1. What is the P(r) of chain A, as percent of Cα-Cα pairs per 5 Å bin from 0?
2. Mind checking A:2-10 for the average number of partner chain beta-carbons within 10 Å of each residue's beta-carbon?
3. Pop out the ³J(HN,Hα) list for the stretch A:45-58 in order, Karplus 6.51 cos²θ - 1.76 cosθ + 1.60 with θ = phi - 60°, rounded to Hz; leave Gly and Pro as x.
4. Quick one: if the Förster radius is 60 Å, what FRET efficiency do B:ARG546 and B:TRP220 give, using the C-beta to C-beta distance and rounding to 0.05?
5. To the nearest 500 deg cm²/dmol, what mean residue ellipticity at 222 nm is calculated for chain B from DSSP H runs of n ≥ 4 alone, each contributing -39,500 (n - 2.57), summed and divided by the residues?
6. Peptides B:489-497, B:8-16: what's the order by average Cβ count within 10 Å, highest mean first?
7. Given +1 on the Cβ of Lys and Arg, -1 on the Cβ of Asp and Glu, and no further charges, what dipole in debye does the stretch B:530-627 carry about its Cα centre, rounded to the nearest 20?
8. Residue by residue through the stretch B:76-91, what is 3J(HN,Hα) from phi via Karplus (6.51 cos²θ - 1.76 cosθ + 1.60, θ = phi - 60°)? Round to whole Hz and write x for glycine and proline.
Amino acid sequence: MNWVQLAYQYGIGGAFFLITLFLCTRPGTADWNTPSDRRSIVWLIAGLVGYFIMHVIWILLAS
Amino acid sequence: MQFQHGTPLDYIVLIGYFVAILGFGSYFGRHTKSTKEFFFSGQRFSWWLISLSCVSMVVGSYSFIKYSAVGFSYGLSSTQSYLNDWFLAPLFILGWLPIIYFSRVTSIPEYFERRFDRPTRIMAVIFILIYMIGSIGINLYTMGVALYPIIPNFSVFQWAVIIAAVTGVYCAFGGQTAVIMTDVVQSVMLLLAGFVLIFLGLHFLGNTTPPEMSGWTSFWQGLPQTHKLPFSGLVEPAEFPMAGIFWQDLFGSSMLFYFANQGLIMRYLATKSVAEGRRSIVFTIIVLMPMAAVSVAGAGWVGKCMETFGALPDEATAKNIFIHVTEMVTVPGVFGFILAALVAALMSTIDALINAVAAIAINDVYRPFVAKGRSDRHYLRMAQWFSLGATFLGLLMVPVYMQFSSIYQAHAAFTAAISPPIICCVILGILWKRFSGKAAFHTLLLGGGVTIASLIWPQMIEPLAATHGMDPGAGIDYFRAFFLLICCAAIAVAASFYFTPKPESELQGLWVGSMAAAKRMFKGREPNDAETGEKIRLELVSIAERREDATGAVVTPFAEISAKDAERLKGREGDLIYLADQRWYLGGLRSLHATLTIGGEEGKVRVSAEFIESGRLRVGEPVVVEKIL
């Protein structure tokens, strides 16, 4: 099965994703009150969750 | 082994494709009259056009053959290289894209000078030009190598000449608009070609397996269990370990592509706004990359199923599976189309490189050092010559690569050597204001040195590979990018604490903590992006008088709109707005940016005739107006 690989990819990749997201949303950077920035942040998180769900379903289907 | 598949119909399709691409590129590039148009298409395009054009940049000349081989050997996990880019998205979408767009840099070296200093820029110019011109040659060479066994009527070099001639011509005369528009067509072609192959493959499987099994059932049952999974083993097989692919691909190739690829940067600078660029990258990574992953590897998956059901000839191997499957499932004409898609994958990679070389040659060498203060028309003419020159230089490299494989390997080693230091400089430049010019210079210099050392003494990487339980030697190459990024980051951090940082006032708009300043400098006034207004349709009215606004970083025309219409846009006097032809499918080809000024009749927008002409808009017809900033 692929659960270890899934944890590896989303553990390391997810940590990189969240750290850079944090660094790019500090004061003076992307602003939650700006609609364009807010939409981007929502899309970013939705995309990560979407990819994760896709991989989980894929592993289950292949099992 | 050699294949002889080309029928006259296949040749007609291939020649028709060349003629169509030349005509298409020339048609869309005919309005290029300034260097801004030549390199950035006037910053006018919609997200979907840029997204589509990017797919063909990602899919290179050898992708179909390489990923079909990987798909045949390791199954659906061949997609893992294409499906991990999202982890880089926050840094690109919220950091790099707004910085390059709002600061109006024209190249990576120019960013290096503004963010760091001139010596760092010069070093980056040398690195990037050698890398890109070498890459043009390598792409031409690999294309010749890919096409020669299929149609041996032309030699490897003759194939390279044919493709260089077609690509060089439309790049030189049409610039970025021609590149983007032809890449859109080529992206659609190569995605379509991959899906047509899969569809025909499933049909073939349905006909060769027992009647109760459909093509899809045959496909799923024909794949071994391990071939159905999304990832390969963590550290095995040694040729395709998941952990190695993750580090090499995500932190090596993908980072280089998103943060240091001049062609990609120019593509995103051609969007009409930062928001549009963000939409484009989201769509590219979430929708188009998975489609590309399926398209390039599908022939390998189908080939594996054919092998399971005994339908594959004995001489078929992973290396030639793409050609075997294509030959078995297609008919004359369709084979020519698949061949044209292979060529499209190459041409769309090369055209971006040619345009990028010309941009760096003009903006980082010719304009600042050789011929300062000349007219834009002069620089445009020189850009066209540089495009032809880059193509010619790339072509000259082909016989060299053919004769000396060590040159080919040297270029690969050189690319490996410059990638981690450049990536490291860009990322720390975006995120860390203390990272200074001298620190960046030393990172490029020493980081490049460490990389070369790691190529000579690969055992340096062994301890890192060993942390994953990989045998010494087997997985070392996969961990090189990770190892070098660690080394470059260590050099960068140490140098940053040793050298004095640049004053923060000189970094405004050039690092992620100064986005508000970036927007202010871009617009020339306080940004107005707290509210999103409507997109409204207004009748375009021409005025004879030239009325322009020189407050911002570039001159824009004034567009006069009634107070009521401005309210619907949520726009104020002095805001940056965008006027586009109401036909959405033009993707911004007919459009312009303008500065909002309040006045005039409701339902109408008044702009100077001269600017309307430059935006290729039509007077008296409705235009779609929206606020940008």
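1. Final binned percentages: 4, 16, 21, 20, 14, 10, 8, 5, 2, 0.
2. Shielding by partners across A:2-10 averages 6.
3. Each residue of the stretch A:45-58 in turn: 5, 4, x, 5, 5, x, 4, 4, 4, 4, 5, 4, 4, 4 Hz.
4. E between B:ARG546 and B:TRP220, to the nearest 0.05, is 0.35.
5. Roughly -19500 deg cm²/dmol at 222 nm, from the helical runs in chain B.
6. Peptide ranking by packing, descending: B:489-497, B:8-16.
7. Details: 15 positive and 18 negative charges, 56 e Å.
I would put it at about 280 debye.
8. Once θ is set to phi - 60°, the couplings for the stretch B:76-91 become 5, 5, 4, 6, 4, 5, 8, 10, 10, 6, 4, 5, 8, 4, x, 5 Hz.
Throughout, read-outs are computed from the coordinates displayed, never taken from laboratory work. For clarity, every value in this text was computed on a predicted model and none was experimentally measured. Neighbour counts are summed over all protein chains in view; Cβ atoms, including those assigned to glycine, are modelled from backbone coordinates with ideal geometry.
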